[in-house]
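Have a look at the structure below, then the notes.
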Amino acid sequence: MNDMTAPLLDDIPTLLLEGAGFMHRGQRLLAPVDLRLAGCRRTLLMGPNGAGKSLLMRLAHGLLPPSQGRVRWQGHVPRQAMVFQRPVLLKRSALANLTYALAVQGTPRTRRRSLAREALERFGLAAVEKRPARVLSGGEQQRLALARAWLLEPEVLFLDEPTSALDPAAIQAVEDAVREFHARGTRILMSCHDLHQARRLADDVLFLHDGRLLEHTPTETFFTAPASPEARAFIRGELVV
């Protein structure tokens, strides 16, 4: 597999949300957000359940259009991939899930199986290449989704709570993969509610509550001097109201 050369920070397009909000059936689910995400960083979206993390990520990735404002990339539109909390996998073998992704992106047929096997090996899945993807364990499915994203060589990777239902060993494997993506030069935007995971992975934190973006700060600042009472309560493990 051809690894990408890690780009300079200025080479990664900047994501801009300009008054981007979302309403559904007259109910505001995400208040207007002004946000600038630049550079090859690992940004974690945090907040209690229902805060709007997944919604903000879907707007950023372009899966949903904002009801107001706009979402745009400054510079070229980057190659993107997204890994969901519950991976969307085809009714095929683990290997075939990867070769299909390569076929869609136009990789020559003669290279697909070798590239797919290299990705399976990289993510510790070589032993299950013939197994149906949908009968794999939760951790294996998540690693397969990451292997598929790896083959797409994204400049920006969106991860929607990828470890929320996994055991500690599987969580470690996913976190290692996130670090490897970032080391290769991929910009990370990931949602989670695990404070320890955020401390381990994040360069900066977006904190949402009740559909509002309350904070965007470096990780150390978020944990030592949160600006909002909601963030302080969240860090203390209290119910955020």
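The values are calculated or read from the model by the stated rules, or taken from the named source; none is laboratory data. Everything numeric in this text was worked out from a predicted model, so none of it was measured. Glycine also receives a Cβ, built like all others from the backbone with ideal geometry; neighbour counts cover every protein chain displayed.
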Practice item. Could you list, in sequence order, all residues of the range 59-92 that are in contact (Cβ under 8 Å) with a residue 60 or more places away in the chain and touching a Leu at 6+ places or on another chain (Cβ under 7 Å)? Key: 60, 73, 74, 79, 81, 83
Revision key, fill the gap. Per the filter on the range 11-28, residues within 13 Å of residue 69 (Cβ to Cβ) and modelled with pLDDT of 95 or more are 16, 17, 18, 19, 20, 21, 22
Practice item. Take residue 101 and decide whether it is within 21 Å of residue 43 (Cα to Cα), small (Gly, Ala, Ser) and crowded, with 20+ Cβ neighbours inside 10 Å. Key: no
Check your understanding: Somewhere in the range 177-189, is a residue within 17 Å of the chain's Cα centre (by Cα), crowded, with 21+ Cβ neighbours inside 10 Å, over 30 Å from residue 76 (Cα atoms) and in the same structural domain as residue 53 (by TED's automatic domain parsing)?
Key -> no
**Study point:** Which listed residue, of 152, 144, 214, 159, is buried (at least 22 other Cβ atoms within 10 Å of the Cβ) and within 27 Å of residue 73 (Cα to Cα)
**Key:** 159
Review point. Looking only at the range 24-51, which residues are more than 20 Å from the chain's Cα centre (by Cα) and surrounded by 14 or more Cβ atoms within 10 Å (Cβ to Cβ)?
Key: 28, 29, 31, 32
Review point. Looking at the range 151-168, is at least one residue among the aliphatic types (A, V, I, L, M), more than 27 Å from residue 38 (Cα to Cα) and either out of contact with any Phe, Trp or Tyr (no Cβ under 9 Å at 6 or more places or on another chain) or assigned to a loop (DSSP other than H, G, I, E, B) (or both)?
Key: yes
Check your understanding: Going through the range 21-52 one residue at a time, which ones are on the phi > 0 side of the Ramachandran plot and of a type in the set (Asp, Glu)?
Key -> none
Review point. Inside the range 161-176, can you point out the residues that are charged (D, E, K, R) and either more than 12 Å from the chain's Cα centre (by Cα) or closer than 13 Å to residue 42 by Cα (or both)?
Key: 167, 175, 176
